[in-house]
Amino acid sequence: MKSIFSLILWCLVIQLNAQNPGLSRYDKLATVDWLVTPMTQKAEVITEGKNIILYNGLVKRVFRIEPNVACIDYKNLSNGQQLLRGVKPEARITVNDKEYSIGGLVGQKENAYLLPEWLDKMTVGPEDFLFVSHTVSDIKPFINFKAKTWGINQKQPTGKHVAFKYKAQADAVKGLEVTVNYELYDGIPLIVKWVSIENKNNQELKLSRVVNEVLALVEEESAVVGKPEEMKKQQGIYVETNYAFNNAMRYDISDQTTHWKIDRTYTSQVNYNYETPCLLEVYPEKAPGIDLQPNEIFKSVRTHELLMDSYDRQRRGLMIRKMYRTVAPWTTQNPIFMHLVSRNDEQVRSCIDQCAATGYEAVILSFGSHLNMEDSTAKNIQRWKELADYAHSKNILLGGYSLFSSRRISDEDDVVDPKTGKPGGAFFGHAPCFGSKWGLAYRNKIKYFFEKTGFDIWENDGPYPGDVCGSTSHPGHKGLDDSQWRQMEIQKELYRWLNEHGVYINAPDWYFLDGTHKIAIGYREVNFSLSREQQRILNRQNIHDGTIEKTASMSWGFVPLTRYQGGGPEAILEPLSEHLKDYEQLMMQYYGAGVQACYRGPRLYDTETTRQLVSNTVSWYKQYRDILNADMIQLRRADGRDWDGLIHVNPQLKQKGFVMLYNPTKEKMTRTIKVPLYYTGLTSAATFKEKGKVAKKYQLNRNYEVELTFTIEPENYTWFTVE
């Protein structure tokens, strides 16, 4: 997190800008921290001689457009880092088993660095696609999301979009038109890139691979010996695409597209075997593999390139979370929901009533309930429409659970293992193919159910996990080569459709950039069979670990009101009235972190005392909802031995910080700790109020910290607002 060194950095930036009055305005470093102070500079696309400049005050990316388009400058204006060491193609495609470069220049004499005077001597490859024209427009929403739930950001992002159009030189691909698109966002050092390809031939073309980004980046480290996997990759850029899966709770594990390669043209590198991983390429390994039909338009994955100015994990996490809030504002939605296990309709009505009585906002019928979204009969649709209408009459949203993968359907509809030619071999063993008749019907049934019933939330378990399928008879894909891409498109289109119809989506896989809202925070399910005392600490560990690179609103936790994954009476909260202290603390832990948990069981309360406890806790959360959904700085991870806690920060709110502190021990505890306030935007003084009561003013030290002394009763908590 930020320290005195950051203050020195910003002072140096101001001094350097002042000492270099001849600098182009596009090269001057930013004089504010965009994570604390909003940037007033808007995104621009400037034509300057032979160059086109993308600039927003935080990032500068420059393209030479003669004799072909080539990226020649990629600079982080927060710290002055030049990321680029060489010119590469703007994209690369493989058509009918032959590879073609899109744009780019050849003939660079040295690949450790790039000098502007070399550019006029560089040439175009004989079969490279040639630049034709470019257009500039405002960014258009990728998803026209519709929000029925509370969210801290309901606005679409703004910025500029530039599209470079190319034509083919080679006769074999004449009629193939390629557009390379860039989006530059306001207020964040972020560029999103994708490629679209239109087949204007009268015959199909086999499109095997689309590399939508190729960057010769400055190496992160030089090592005489060592293999690529042993060396650090460039840390000044974070890359994420909307092509991620495999049921993971982190993007880096789900990522299918980021490839750090060696650059054999870089012959002056230090590594003896020329194996420094300093060439970034972005493409899906097993896709697209499609037959591009006449007049068909293919759109590649969308590559999000976020420039980083620090190695600090907290700061890097803050930057990634800002990216999500910007490009995927639907992920800031965070409804308060109950996870109902129901056997009949009356239990659903009762739970709706309990939610209305306690301030909850939604009911999700959990797995094991009596809901079947795949039943499209008029009777079933009418039944659930009436229940949805009843929920809406109480201002409660209604949703439910449906499983796609990790289930066997039939030999005809299951994924076919390409090694055996038989069903099986999928990520979950046996699973349906989304391109099968059953898979396509499943998609249509889900859409139909939400259209006709008015349901508001979909909990999609086992979403498409990336299975390839060797079937040649499934209507949704042609064969093995295109099976992953076509299935992925079916899943993503369904999520985007639901999102644009106002449906909130819980899905345990990384589809955020295509419309999902929430994923598991990261936990081991069998741990919920452990004692409540253990669960309290484990949950806080999960919160700490699961919210560094994703926001709290993108995460769900779990509270077993009734038995789940085994365990005895010591693991559950029922009877609720007998475990009020544990019930309250589990709620406070999650709500205090801005994380919604799946409170899974048949009811929220069993007595008036229990109802009052739940109602008061939810009311507290709603009172501080904005700051509790703000960025989180993890202060100390729970270990059961000493205090642990966190602070929410948002310099744009009246309450600029909110501190949650816990004492897991069986002894009363008094501690003095340093609370970091840099990201609150406060610079000299801060006022703390414990539990909203007596105010105490503190002076910040040069590291933007205050020394806070607190006392917490055994196995208890406290909280402070910061203004």
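Observations, loosely collected:
- Filtered residues of the range 217-257 (kept if in contact (Cβ under 8 Å) with a residue 60 or more places away in the chain and polar (S, T, N, Q)): Gln234, Gln235, Thr241, Asn242, Asn246, Asn247, Ser254, Gln256
- Any hit, the range 350-361, residues being under 20 Å from Asn506 (Cβ atoms) and either free of Cβ contacts under 8 Å to residues at least 40 places away in the same chain or assigned to a loop (DSSP other than H, G, I, E, B) (or both): yes
- If the condition is being surrounded by 21 or more Cβ atoms within 10 Å (Cβ to Cβ) and either at pLDDT below 95 or hydrophobic (A, V, I, L, M, F, W, C) (or both), then the range 655-681 contributes Phe658, Val659, Met660, Leu661, Val675, Leu677.
- Note on the range 354-377: residues that are among the polar types (S, T, N, Q) and within 23 Å of Asn395 (Cα to Cα) amount to 4.
- Residues that are open to solvent by 50 Å² or more (accessible area, probe 1.4 Å) and charged (D, E, K, R) within the range 562-582 comprise Arg563, Glu570, Glu578, Lys581, listed in sequence order.
- Which listed residue is at pLDDT below 95 and either over 25 Å from Ile320 (Cα atoms) or touching a strand residue (DSSP E or B) at 6+ places or on another chain (Cβ under 6 Å) (or both), from Ala18, Ala70: Ala18
- In the range 410-446, residue least open to solvent (accessible area, probe 1.4 Å) [restricted to those that are over 15 Å from Pro465 (Cβ atoms), of a type in the set (A, V, I, L, M) and in contact with a helix residue (DSSP H, G or I) (Cβ under 9 Å, 6 or more places away or on another chain)]: Ile446
- Among the residues making up the range 242-269, those that are closer than 22 Å to Val87 by Cβ, open to solvent by 50 Å² or more (accessible area, probe 1.4 Å) and either acidic (Asp, Glu) or out of contact with any strand residue (DSSP E or B) (no Cβ under 8 Å at 6 or more places or on another chain) (or both) are Arg264, Thr267, Ser268.
- Matching residues in the range 447-463 - criterion: being farther than 26 Å from Ala248 by Cα, open to solvent by less than 40 Å² (accessible area, probe 1.4 Å) and either of a type in the set (A, V, I, L, M) or over 26 Å from the mean Cα position of the chain (by Cα) (or both): Phe449, Thr453, Gly454
- Residues of the range 23-60 that are hydrophobic (A, V, I, L, M, F, W, C), in a loop (DSSP other than H, G, I, E, B) and more than 13 Å from Asn76 (Cβ to Cβ): Leu23, Val32, Leu35, Val36, Met39, Ala43.
- Restricting the range 362-373 to residues that are open to solvent by less than 10 Å² (accessible area, probe 1.4 Å) and either in contact (Cβ under 8 Å) with a residue 40 or more places away in the chain or over 27 Å from Lys622 (Cβ atoms) (or both) leaves a set whose member that is farthest from the chain's Cα centre (by Cα) is Met373.
- The set of residues from the range 77-135 being open to solvent by less than 60 Å² (accessible area, probe 1.4 Å), outside any loop (DSSP other than H, G, I, E, B), in contact with a Leu (Cβ under 8 Å, 6 or more places away or on another chain) and of a type in the set (Ser, Thr, Tyr) comprises just one member, Thr94.
- Here Leu635, Leu628 are screened, and the one residue that is in contact with a Gly (Cβ under 9 Å, 6 or more places away or on another chain), over 26 Å from Thr358 (Cβ atoms), in contact (Cβ under 8 Å) with a residue 24 or more places away in the chain and hydrophobic (A, V, I, L, M, F, W, C) is Leu635.
- Of the listed requirements (1) more than 30 Å from Asp33 (Cα to Cα); (2) open to solvent by 10 Å² or more (accessible area, probe 1.4 Å); (3) among the hydroxyl-bearing types (Ser, Thr, Tyr); (4) touching a residue at least 40 places away in the same chain (Cβ under 8 Å), Tyr599 misses just one: (2).
- Where a residue in the range 133-151 is over 24 Å from Asn629 (Cα atoms) and its partner, wherever it lies, is surrounded by 17 or more Cβ atoms within 10 Å (Cβ to Cβ) and basic (Lys, Arg), with Cβ under 6 Å and at least six apart: Ser133/Lys165
The values are calculated or read from the model by the stated rules, or taken from the named source; none is laboratory data. Keep in mind it's a predicted model, so treat the numbers as computed, not measured. Counting neighbours? That spans all protein chains shown, and the Cβs are built from the backbone with ideal geometry, glycine included. The protein model used for the area step is the full one, side chains on, heavy atoms only, and it has no ligands, DNA or RNA in it. Shrake-Rupley method; radii C 1.70, N 1.55, O 1.52, S 1.80 Å.
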